[in-house]
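Below is one structure, written out as structure tokens, with a few remarks after it.
The values are calculated or read from the model by the stated rules, or taken from the named source; none is laboratory data. The structure presented is a predicted model; accordingly, all values stated were derived computationally and were not measured. Glycine gets a Cβ as well: all are built from the backbone with ideal geometry, and neighbour counts include every protein chain shown.
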């Protein structure tokens, strides 16, 4: 709807002061759109495609060549500019699609699932490119990969069944749903004393066994009161009980945790 691809059924969409329905050309000029699935003209070379997109977007002929070269350089496509798009890897195709979105120098970039189907190296490259673009453009990113959202975005909108359930920074969303003070622990406990450890340490609220490993170790989540740091106490008391600690770390709330809690709350 923001791109004008689908008409809204109610309300208004204003892009940089222009109503998308009343002044669609002026509104769309401010938008660069990269759809999911990178629909491209694969029989064109990279340079031909970016040039074609520049023509569609009405880039002045006098500066068109210069602008195309600049975008190709900016998106890291210089080495493949004369190759046919159909012969490129998916990572490069994503870059070509992004170059097409950028060529008209829009103020707003709308990217739909920009890293789907990419290998880890390509994902890192595209993420870095998006961060760089965010310095000069407003970037609206749609993604179901929430670890990616927390790494790239400085503001998150979570939508459930067409309704906005949260708008905040990734950090604030994580903090809002973090209601436990918990530790992950991997221990060797030959006498199986961990089950009763909450009787020895009063500040422990709950002990949950999460996994039993082949090497004989067990993994637990230890929950305590919010204002208590159990780590020193556990080191001392577990040693007395002949329980060996292999690993201990705090349980961090992720954006995935925040998402699930907000969605579950909205479904009740």
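I need the full set of residues from the stretch 20-44 which are touching a residue at least 24 places away in the same chain (Cβ under 8 Å), surrounded by fewer than 19 Cβ atoms within 10 Å (Cβ to Cβ) and either in contact with a strand residue (DSSP E or B) (Cβ under 8 Å, 6 or more places away or on another chain) or not in a loop (DSSP other than H, G, I, E, B) (or both), in order please.
Across the stretch 20-44, the qualifying residues are 29, 30, 35, 36, 42, 43, 44.
Taking into account only those residues within the stretch 176-207 that are touching a helix residue (DSSP H, G or I) at 6+ places or on another chain (Cβ under 9 Å) and touching a residue at least 60 places away in the same chain (Cβ under 8 Å), which is surrounded by the most Cβ atoms within 10 Å (Cβ to Cβ)?
Going through the qualifying residues, I end up with 185.
Give the stretch 127-150 a look and list any residue that's exposed (fewer than 15 other Cβ atoms within 10 Å of the Cβ) and more than 26 Å from residue 15 (Cβ to Cβ), or say none.
Within the stretch 127-150, 128, 147 qualify.
Out of the residues in the stretch 62-104 meeting the condition of being free of Cβ contacts under 8 Å to residues at least 40 places away in the same chain and not in a helix (DSSP H, G or I), tell me which one is nearest to the chain's Cα centre (by Cα).
89
May I ask you to say which residue of 44, 40 is at pLDDT 95 or above and assigned by TED's automatic domain parsing to the domain that holds residue 101?
Values: 40 fails: at pLDDT 95 or above.
After ruling out the rest, the residue left standing is 44.
All but one of (1) touching a strand residue (DSSP E or B) at 6+ places or on another chain (Cβ under 9 Å); (2) surrounded by fewer than 21 Cβ atoms within 10 Å (Cβ to Cβ); (3) more than 16 Å from residue 53 (Cβ to Cβ) hold for residue 114; which doesn't?
Unmet for residue 114, out of (1) touching a strand residue (DSSP E or B) at 6+ places or on another chain (Cβ under 9 Å); (2) surrounded by fewer than 21 Cβ atoms within 10 Å (Cβ to Cβ); (3) more than 16 Å from residue 53 (Cβ to Cβ): (2).
Applying the selection to the stretch 90-111, what residues are modelled with pLDDT of 90 or more and loosely packed, with under 15 Cβ neighbours inside 10 Å?
Within the stretch 90-111, just 107 meets the criteria.
Confirm whether residue 114 is assigned by TED's automatic domain parsing to the domain that holds residue 33 and assigned to a loop (DSSP other than H, G, I, E, B).
Working: assigned by TED's automatic domain parsing to the domain that holds residue 33: yes; assigned to a loop (DSSP other than H, G, I, E, B): yes.
Answer is yes for this residue.
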